[in-house]
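Below: one structure, written as structure tokens.
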Amino acid sequence: MSWQTGLIKTILDPANLIISTDIAVVIADKYPKARHHYLVLPKEDIASIFQLNRKHLPLLEELHLLARNIIEVRGECFESFRIGFHAQPSMQRLHLHVISKDFVSSWLKTKKHWNSFNTSLFIPYEALYENLSKNDKIERLPKAKVEELLSKPLACNQCEFVAKNIPSLKEHLLQH
DNA sequence: GTTCTAGAAC
DNA sequence: GTTCTAGAAC
């Protein structure tokens, strides 16, 4: 089994499921990039956002419902979370990220980690939903665009601060 | 996706 | 000399 199928294997074990419905499940991200970081995955075998079409809109609504549920279950505030998909996913099985905006985590280690959640490489749930409604599919970003976004400066998500490197960004995030 | 680590950056 | 980044992983 290659590493890309790790999520599919993870959800096979009921012990890993924080929430489970007929349609979807919620698990904790194995390498959380913030104080709270969950993944919502459909039980249906959909590899990624690129397999979606208009028929999946009700499924997306179910995923978002579970996203709101896990935030509530954990006693957290909806407004303190980002909910969305990576524009360039690495792991198989469609997964909706539910991540708190603090980004305080020892697993946050690289510029790629930061920019994948804090540039257009992160597609908010609502944006993906609207895009799918309109176009009946999700287009892959051009390689050059991905590289441009990955190389963006380390701009704080809560103020105008731009960090010189990852350690200084992490130190800064702790101050918020 | 992570781990490891060479060599760049400081 | 130490910190930090970025590319290979058969």
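The values are calculated or read from the model by the stated rules, or taken from the named source; none is laboratory data. From a predicted model like this one, the values you see are computed outputs, not experimental measurements. Cβ sites come from the backbone with ideal geometry, for glycine too, and all protein chains shown count toward neighbours. Ligands, DNA and RNA are stripped out before the accessible areas are found, and what is left, the full protein with its side chains, is counted by its heavy atoms. Shrake-Rupley method; radii C 1.70, N 1.55, O 1.52, S 1.80 Å.
Please state the shape class of region A:70-132: rounded when a/c is under 1.5, otherwise prolate if a/b exceeds b/c and oblate if not, all from the C-alpha gyration tensor.
Oblate shape, in that a/c is at least 1.5 and b/c is the bigger or equal ratio.
Which value, in Å², gives the accessible area per residue of region A:50-119 when a 1.4 Å probe is used on the protein heavy atoms?
The answer is 46 Å² per residue.
At a temperature of 37 °C and a viscosity of 0.692 mPa s, determine how fast region A:58-176 diffuses translationally according to Stokes-Einstein, using the Kirkwood radius over alpha-carbon pairs as Rh; express D in µm²/s, rounded to the nearest whole number.
Calculated translational D: 211 µm²/s.
Select from A:Phe117, A:Thr21, A:Leu52 the residue farthest towards the positive end of the dipole of region A:1-145; place +1 on Cβ of Lys and Arg, -1 on Cβ of Asp and Glu, and compute about the Cα centre.
Going by the charge dipole, the pick is A:Phe117.
If we sort A:47-60, A:84-97, A:148-161 on the protection proxy, mean other Cβ atoms within 10 Å, highest first, what's the order? Mind showing how you got there, number by number?
On the way: A:47-60: 15.2, A:84-97: 19.9, A:148-161: 13.6.
In decreasing order of mean packing, A:47-60, A:84-97, A:148-161 become A:84-97, A:47-60, A:148-161.
Note the direction-averaged projected area, equal to a quarter of the hull surface, for the Cα convex hull of region A:31-106, in nm².
Projected area, direction-averaged: 5.4 nm².
How large is the helix-only mean residue ellipticity at 222 nm for chain A, computed as the sum of -39500 (n - 2.57) over DSSP H runs with n ≥ 4, divided by its residue count, in deg cm²/dmol to the nearest 500? Intermediate values should be presented prior to the final figure.
Details: 6 runs with 59 residues, N = 176.
Result for chain A: -10000 deg cm²/dmol, rounded to the nearest 500.
Take region A:116-170, drop everything but the C-alpha atoms, weight them equally and run the Debye formula without solvent; then report log10 I(q)/I(0) at 0.23, 0.24 Å⁻¹ to two decimals.
-0.95, -0.99
Any idea how far apart A:Ile8 and A:Ser80 come out in nm if each label point goes 7 Å out from Cα toward Cβ?
Result for the modelled spin labels: 3.6 nm.
Tabulate in residue order the Karplus-calculated ³J(HN,Hα) for region A:166-176, using 6.51 cos²θ - 1.76 cosθ + 1.60 with θ = phi - 60°, rounded to whole Hz; enter x for Gly and Pro.
Along region A:166-176, the couplings run 5, x, 6, 4, 5, 4, 5, 4, 5, 6, 6 Hz.
Sorted by mean Cβ packing within 10 Å, highest first, what order do the peptides A:71-82, A:25-36 take?
A:25-36, A:71-82
With the cut-off at 19 Å, tell me which of the pairs A:Lys143/A:Lys170; A:Lys9/A:Lys111; A:Lys101/A:Lys137; A:Lys55/A:Lys137; A:Lys109/A:Lys143; A:Lys101/A:Lys134 have Cα atoms farther apart than that.
Long pairs (Cα-Cα over 19 Å): A:Lys143/A:Lys170; A:Lys9/A:Lys111; A:Lys101/A:Lys137; A:Lys109/A:Lys143; A:Lys101/A:Lys134.
For region A:1-139, just the Cα set please: Rg and Dmax, both in angstrom.
Over region A:1-139's Cα set, Rg and Dmax evaluate to 14.1, 39 Å.
Using +1 on the beta carbon of Lys and Arg, -1 on that of Asp and Glu, and nothing else charged, what's the dipole of chain A about the Cα centre, debye to 20?
Dipole magnitude for chain A comes out near 600 debye.
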